Amino acid sequence: MFNIHIYKKIVKEIEALGKKTQIIAVSKSHPRELVEDALKHGVRIFGENRVQEAKIKFKNLKIKYPNLELHLTGPLQTNKAKEAFKLFDVFHTLDREKLAKELVKYEGLKEKKFFIQVNTGKEKNKSGIYLERLDEFIDYCKNDLGLNIIGLMCIPPINENPKNHFSELEKQAKKHNLSHLSMGMSADYIEAIKYNATYVRIGTSLFGKR
């Protein structure tokens, strides 16, 4: 069952901090029934990591709930970009030139929103643009390709204080005049909200362990 009590608790915490952060209910690896339960409680922003799984789960639900917003919160392979483009409204993991070039091929580009994933911890096993390449990549995506880049996304290293990474991402967003930050998950969302996250990605707390 979708944990509406935790959802309402996070909403209250956001209000108490005086922020306008939105919650992405990350439903990856959870059954459609849990998504439908969340929809009944008024939740309309969902996150999925895999294109095929999301397609099976959400295709008809997007017709039934026209105001449902679907966010891709996991890595995207270029050969899945076309399918993803049809299904998702917001992409959180734009992380390389090849993918950016692929995404501009499809009709309806102006309606889509994109976050650039930043690898703030320079982790080899994690996707994302390194900070020293960020200026160049933002310029390329926005000015050369015309992508609607609305913000930056990061996943801090698990063994480091997330505050430093959230602070850096906030600084970079201000520098580039980007108004959105996708950061913070079940374990560290409060810190992310304090650093002006506009979206927090909450899965385990709302849907339980996978």
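The values are calculated or read from the model by the stated rules, or taken from the named source; none is laboratory data. Keep in mind it's a predicted model, so treat the numbers as computed, not measured. Counting neighbours? That spans all protein chains shown, and the Cβs are built from the backbone with ideal geometry, glycine included.
Take Gly151 and decide whether it is touching a strand residue (DSSP E or B) at 6+ places or on another chain (Cβ under 6 Å), among the small types (Gly, Ala, Ser) and under 24 Å from Arg201 (Cβ atoms). Can you show your working first?
Values: touching a strand residue (DSSP E or B) at 6+ places or on another chain (Cβ under 6 Å): yes; among the small types (Gly, Ala, Ser): yes; under 24 Å from Arg201 (Cβ atoms): yes.
The answer is yes for Gly151.
Select, from Glu33, Glu83, the only residue that is over 19 Å from His180 (Cβ atoms), touching a residue at least 24 places away in the same chain (Cβ under 8 Å) and not in a loop (DSSP other than H, G, I, E, B).
Of the residues listed, the single one that is over 19 Å from His180 (Cβ atoms), touching a residue at least 24 places away in the same chain (Cβ under 8 Å) and not in a loop (DSSP other than H, G, I, E, B) is Glu83.
Does Ile10 fit the bill of being assigned to a strand (DSSP E or B), among the aliphatic types (A, V, I, L, M) and either touching a residue at least 60 places away in the same chain (Cβ under 8 Å) or closer than 29 Å to Leu145 by Cα (or both)?
Taking the combined requirement at face value, the residue does not satisfy it.
When segment 175-193 is examined, which residues are found to be in a strand (DSSP E or B) and either touching a helix residue (DSSP H, G or I) at 6+ places or on another chain (Cβ under 6 Å) or under 16 Å from Ala25 (Cα atoms) (or both)?
Leu181, Ser182
Would you please name the residue that is surrounded by the most Cβ atoms within 10 Å (Cβ to Cβ), looking only at residues in segment 194-208 that are outside any helix (DSSP H, G or I) and not hydroxyl-bearing (Ser, Thr, Tyr)? Show your work before the answer.
So the first thing to find is which residues in segment 194-208 are outside any helix (DSSP H, G or I), and the list is 195-203, 208.
Now restrict to residues that are not hydroxyl-bearing (Ser, Thr, Tyr): 196-197, 200-203, 208.
Numbers: Asn196: 19, Ala197: 27, Val200: 25, Arg201: 24, Ile202: 22, Gly203: 21, Gly208: 12.
So the residue we want is Ala197.
Take the conditions within 23 Å of Gln52 (Cβ to Cβ), modelled with pLDDT under 95 and surrounded by fewer than 22 Cβ atoms within 10 Å (Cβ to Cβ) and apply them to Glu107. Does it pass?
Taking the combined requirement at face value, the residue satisfies it.
Yes/no matrix, rows are residues, columns are (1) within 17 Å of Lys28 (Cα to Cα); (2) under 15 Å from the mean Cα position of the chain (by Cα); (3) among the polar types (S, T, N, Q):
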| residue | (1), (2), (3) |
| --- | --- |
| Leu70 | yes, yes, no |
| Asp89 | yes, yes, no |
| Ala100 | no, no, no |
| Lys113 | no, yes, no |
| Gly121 | no, no, no |
| Leu134 | no, no, no |
| Asp144 | no, no, no |
| Pro157 | no, no, no |
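Of everything in segment 163-174, what is touching a Gly at 6+ places or on another chain (Cβ under 8 Å) and either of a type in the set (D, E, K, R) or without any contact (Cβ under 8 Å) to a residue 40 or more places away in the chain (or both)? Give them in sequence order.
Hits for segment 163-174 are Phe166, Ala173.
Testing Asn125 on (1) surrounded by fewer than 19 Cβ atoms within 10 Å (Cβ to Cβ); (2) at pLDDT 95 or above, one condition comes back false. Which one is that?
The single condition Asn125 does not satisfy is (2).
Scan segment 86-106 and report the pairs whose first residue is part of a strand (DSSP E or B) and whose second residue is among the basic types (Lys, Arg), with Cβ atoms within less than 6 Å and a gap of 6+ or a chain change.
Every condition considered, the pairs that remain are Val90/Lys113.
Kindly indicate whether Ile10 is surrounded by 15 or more Cβ atoms within 10 Å (Cβ to Cβ), at negative phi and not acidic (Asp, Glu).
So Ile10 fits the description; yes.
May I ask you to list the residues in segment 88-104 that are surrounded by fewer than 17 Cβ atoms within 10 Å (Cβ to Cβ) and of a type outside the set (D, E, K, R)?
Val104 - this is the single residue of segment 88-104 that is surrounded by fewer than 17 Cβ atoms within 10 Å (Cβ to Cβ) and of a type outside the set (D, E, K, R).
Of everything in segment 39-65, what is part of a helix (DSSP H, G or I) and aromatic (Phe, Trp, Tyr)? Give them in sequence order.
First, pick out the residues of segment 39-65 that are part of a helix (DSSP H, G or I): 39-40, 51-64.
Phe58, the sole residue that qualifies.
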